[in-house]
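Following: one structure in structure tokens, then a few remarks.
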Amino acid sequence: MTDIKIPEIGSDVAKAAKDIAAVAKDATYVVIGAGVLGYQQAQVQRQELRKWLAEPKADIEDRVAAVRTDLSDALHAVDSTVDNLATRLEEVIERMEAAVAPLEDRLPLQARDMAKQAHIQAKEARSQIRSRIPSVAV
């Protein structure tokens with residue numbers, strides 16, 4: 001019979017176990033490294049998303065501030081215009097009253113009294129109107 005050599009199982013099993021352990025160890029390191037890299041990439045993407053979402057907010061806040069400034073300027077301009085118109089109207093009324101005053105002196109006493117009452121009521125009405133006009137005082 002021919003001699004058949006049977007390899008020693010004990011030494012081969014120990015070597016195979018060491019190789020399997022080394023492969024499992026390397027696989028574990030690869031999985032942990034891939035997990036760490038994935039986590040870091042997720043963190044970077046989260047930061048980029050946060051920046052991307054913050055930019056429109058800052059842009060909107062700038063636009064709102066600009067609109068507020070424009071609106072405030074417009075309100076001040078309207079307030080100034082209303083004040084100017086009220087002042088001009090007062091001047092026109094005073095001129096008309098000054099022009100009509102000599103004619104009122106020629107009226108009979110009762111008509112003169114009625115004209116003076118009309119002047120008083122007109123002044124009260126003007127002061128009430130002026131007090132109800134909102135003023136932009138900011």
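The values are calculated or read from the model by the stated rules, or taken from the named source; none is laboratory data. No experiment lies behind these values; they were computed from the predicted model shown. Please note: Cβ atoms are built from the backbone with ideal geometry, for glycine as well, and neighbour counts cover all protein chains shown.
Could we say that Glu48 is assigned to a helix (DSSP H, G or I), surrounded by 10 or more Cβ atoms within 10 Å (Cβ to Cβ) and at pLDDT 80 or above here? Let's see the steps before the verdict.
Details: assigned to a helix (DSSP H, G or I): yes; surrounded by 10 or more Cβ atoms within 10 Å (Cβ to Cβ): yes; at pLDDT 80 or above: yes.
When the stated conditions are applied, Glu48 passes them.
For residues that are surrounded by fewer than 10 Cβ atoms within 10 Å (Cβ to Cβ) and either assigned to a helix (DSSP H, G or I) or modelled with pLDDT of 90 or more (or both), tally how many sit in region 4-14.
Qualifying residue count for the region: 3.
For every residue, the table says whether it meets (1) within 27 Å of the chain's Cα centre (by Cα); (2) outside any helix (DSSP H, G or I); (3) within 17 Å of Ile133 (Cβ to Cβ).
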| site | (1), (2), (3) |
| --- | --- |
| Trp52 | yes, no, no |
| Asp70 | yes, no, no |
| Asp79 | yes, no, yes |
| Leu89 | no, no, yes |
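Of the candidates Glu90, Glu104, the single residue that is closer than 30 Å to Ala77 by Cβ, surrounded by 11 or more Cβ atoms within 10 Å (Cβ to Cβ), touching a helix residue (DSSP H, G or I) at 6+ places or on another chain (Cβ under 9 Å) and among the acidic types (Asp, Glu) is Glu90. Just one of the listed residues (Gln110, Gln41, Gln117) is under 40 Å from the mean Cα position of the chain (by Cα) and surrounded by fewer than 11 Cβ atoms within 10 Å (Cβ to Cβ), namely Gln41.
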